[in-house]
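Right, one structure below, let's go through it.
The values are calculated or read from the model by the stated rules, or taken from the named source; none is laboratory data. These numbers come from a predicted model, not from an experiment. No Cβ is skipped: glycine too gets one built from the backbone with ideal geometry, and neighbour counts run over all protein chains shown.
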């Protein structure tokens, strides 16, 4: 994958781990489907995603931190570059996928304390998502973490009914609905609509 796709002036940005470029399709696509459905039902329009800005947190998957090389000099340089383009373009939503892109984003925004590789479990990232939606402010860049993968063992809902949606489908529906709600509430501040 290229380091970046789309237009930096687009108000919604996606930040991915270059080791897992499939999150754009495996995670974001079903979330976007839910967002588009809700937007269309309420506003009879759709979001134009043709210029959606997608960026790899780092340009080389080999420098993605792990427990041995957590946050080396090259990653620090990428953080500084990303901080510069964030300040220049001021996206309204910055959606990250998984632990590394989320911590990368926190470091771009200089959120303390800095966390290590094991700090962001699935349940903690889900809690961080809920906090980001609760504290959403269209006048700033909202950091919205999504999971990098959603598997059957993730217990997003406590009760299980074989006729109900799977946990994976429930996750996509839940986060898509929450993000759509914020987009609809702030529709006049977002230049993202199909014309």
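Check the stretch 46-58 and report whether any residue there is in contact (Cβ under 8 Å) with a residue 60 or more places away in the chain and either in a helix (DSSP H, G or I) or loosely packed, with under 14 Cβ neighbours inside 10 Å (or both).
Yes - at least one qualifying residue is present in the stretch 46-58.
So that you can scan it fast, the table gives a plain yes or no per residue for (1) surrounded by fewer than 13 Cβ atoms within 10 Å (Cβ to Cβ); (2) within 20 Å of residue 5 (Cα to Cα); (3) touching a strand residue (DSSP E or B) at 6+ places or on another chain (Cβ under 9 Å):
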{"residue": "87", "(1), (2), (3)": "yes, yes, no"}
{"residue": "98", "(1), (2), (3)": "no, yes, yes"}
{"residue": "105", "(1), (2), (3)": "no, yes, yes"}
{"residue": "140", "(1), (2), (3)": "yes, no, no"}
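If residue 96 satisfies every condition in (1) in a loop (DSSP other than H, G, I, E, B); (2) in contact with a helix residue (DSSP H, G or I) (Cβ under 6 Å, 6 or more places away or on another chain); (3) at pLDDT 90 or above; (4) under 24 Å from residue 150 (Cα atoms) but one, which is the exception?
Single failed check for residue 96: (1).
What is the residue count in the stretch 2-18 for residues that are surrounded by 14 or more Cβ atoms within 10 Å (Cβ to Cβ) and within 17 Å of residue 97 (Cα to Cα)?
Residues in the stretch 2-18 being surrounded by 14 or more Cβ atoms within 10 Å (Cβ to Cβ) and within 17 Å of residue 97 (Cα to Cα): 9 in total.
Residue 131 passes all but one of (1) modelled with pLDDT under 95; (2) within 19 Å of the chain's Cα centre (by Cα); (3) farther than 20 Å from residue 24 by Cα; which number fails?
Of the numbered conditions (1) modelled with pLDDT under 95; (2) within 19 Å of the chain's Cα centre (by Cα); (3) farther than 20 Å from residue 24 by Cα, the odd one out for residue 131 is (1).
On the basis of being touching a helix residue (DSSP H, G or I) at 6+ places or on another chain (Cβ under 9 Å), touching a residue at least 12 places away in the same chain (Cβ under 8 Å), surrounded by 14 or more Cβ atoms within 10 Å (Cβ to Cβ) and not in a loop (DSSP other than H, G, I, E, B), does residue 28 make the cut?
Against the criterion (touching a helix residue (DSSP H, G or I) at 6+ places or on another chain (Cβ under 9 Å), touching a residue at least 12 places away in the same chain (Cβ under 8 Å), surrounded by 14 or more Cβ atoms within 10 Å (Cβ to Cβ) and not in a loop (DSSP other than H, G, I, E, B)), residue 28 does not qualify.
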